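Scroll down for the structure; my scribbles are underneath it.
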Amino acid sequence: MTAIAPGAATVSPPAPAKPGRPRDAGADERILRAVVDELSDHGVAGFRINNVAARAKVAKRTLYSRWAERDELILAGLNTLALDLVPPRTGSLVGDLNVLYDDIAAALDSPRWLIAARCSFELPNYPELYALFQRDCIDKPLAVVEDVLRDAQLRGELRTTIDRSVAAETFTGSIAGFSSHIARLRGVSARGVREQFLDLFFRGLDDGAA
């Protein structure tokens, strides 16, 4: 038997491998893509867990190990369609809103936006799910626009009596309107009216700094 010198480090044997199959690293992405496809085809009312599992080529237990409830799964899919905005911090209101306009227009220019728009009409029939959708997919992007307007007020670029909530909803809602199905059919897009829109919006805000 070989003696171990005092103070020498001992090497522990490797831990035994855990039984079972390794976790499928790509399953989450496939599942969320399948959720969006299912919502696109059937909406919220016709959404079926079995269909999602078949689309993603996973077992239902794989779905439930990640999202325990149907509503959680739907919300996770809708979150992939939500606007992912961050405050630009350019140092000016004009600079910030120009960046945000481009970010919003780029996101809404995708056909995927129409899926979220369709679901938004159904969601009020599901109050608990709608509350979560409102928080994650509507309130968060609006909060970013409100932050930009608040920073402009602190810099003296925008009068303090401006209602930031109304202004933020007007800004994002109007851009979304130009990205609607009807606007597309009329050959109108958010990108195509960028300069005109921003000019009108800034005129509406430009009532003199406080």
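Would you pick out the residues in the stretch 25-67 that are of a type in the set (Asp, Glu) and surrounded by 14 or more Cβ atoms within 10 Å (Cβ to Cβ)?
Within the stretch 25-67, Asp28, Asp37, Glu38 meet the criteria.
Go through the stretch 145-177 and give me each residue that's assigned to a loop (DSSP other than H, G, I, E, B), closer than 14 Å to Gly204 by Cα and among the basic types (Lys, Arg).
Selection gives Arg159 alone.
Check Leu63, Leu81 and return the single one that is of a type outside the set (Asp, Glu) and in contact (Cβ under 8 Å) with a residue 40 or more places away in the chain.
Leu81 is the lone residue from the list that is of a type outside the set (Asp, Glu) and in contact (Cβ under 8 Å) with a residue 40 or more places away in the chain.
Out of (1) surrounded by 15 or more Cβ atoms within 10 Å (Cβ to Cβ); (2) over 12 Å from Val35 (Cβ atoms); (3) touching a helix residue (DSSP H, G or I) at 6+ places or on another chain (Cβ under 7 Å), the odd one out for Leu78 is which?
If we test Leu78 against (1) surrounded by 15 or more Cβ atoms within 10 Å (Cβ to Cβ); (2) over 12 Å from Val35 (Cβ atoms); (3) touching a helix residue (DSSP H, G or I) at 6+ places or on another chain (Cβ under 7 Å), just (2) comes out false.
Can you pull out every residue in the stretch 81-91 that is touching a Lys or Arg at 6+ places or on another chain (Cβ under 9 Å) and surrounded by 15 or more Cβ atoms within 10 Å (Cβ to Cβ)?
Matches in the stretch 81-91: Leu81, Ala82, Leu83, Leu85.
Test Ala82 against the criterion of being closer than 28 Å to Leu158 by Cβ, assigned to a loop (DSSP other than H, G, I, E, B) and at pLDDT below 90, and give yes or no.
Yes: the conditions hold for Ala82.
Could you tell me which residue of the stretch 95-110 is surrounded by the most Cβ atoms within 10 Å (Cβ to Cβ), considering only residues that are at pLDDT below 95 and touching an Asp or Glu at 6+ places or on another chain (Cβ under 9 Å)?
Per the criteria, the residue is Ala107.
What pairs come up if the first residue lies in the stretch 197-210 and is more than 17 Å from Gly173 (Cα to Cα) and outside any helix (DSSP H, G or I), the second is acidic (Asp, Glu) and modelled with pLDDT of 90 or more, and their beta carbons are under 8 Å apart, counting only those six or more places apart or on different chains?
Ala209/Glu157
Which numbered condition in (1) at pLDDT 80 or above; (2) surrounded by fewer than 16 Cβ atoms within 10 Å (Cβ to Cβ) is the only one that Arg184 fails?
(1)
Can you give me the number of residues within the stretch 119-130 that are in contact with a helix residue (DSSP H, G or I) (Cβ under 8 Å, 6 or more places away or on another chain), part of a helix (DSSP H, G or I) and in contact (Cβ under 8 Å) with a residue 60 or more places away in the chain?
Residues meeting the conditions: 3.
The values are calculated or read from the model by the stated rules, or taken from the named source; none is laboratory data. It should be emphasised that the depicted structure is a prediction, and the values quoted were computed from it without experimental measurement. Don't worry about glycine lacking a Cβ; one is built from the backbone with ideal geometry, like all the others, and counts go over all protein chains shown.
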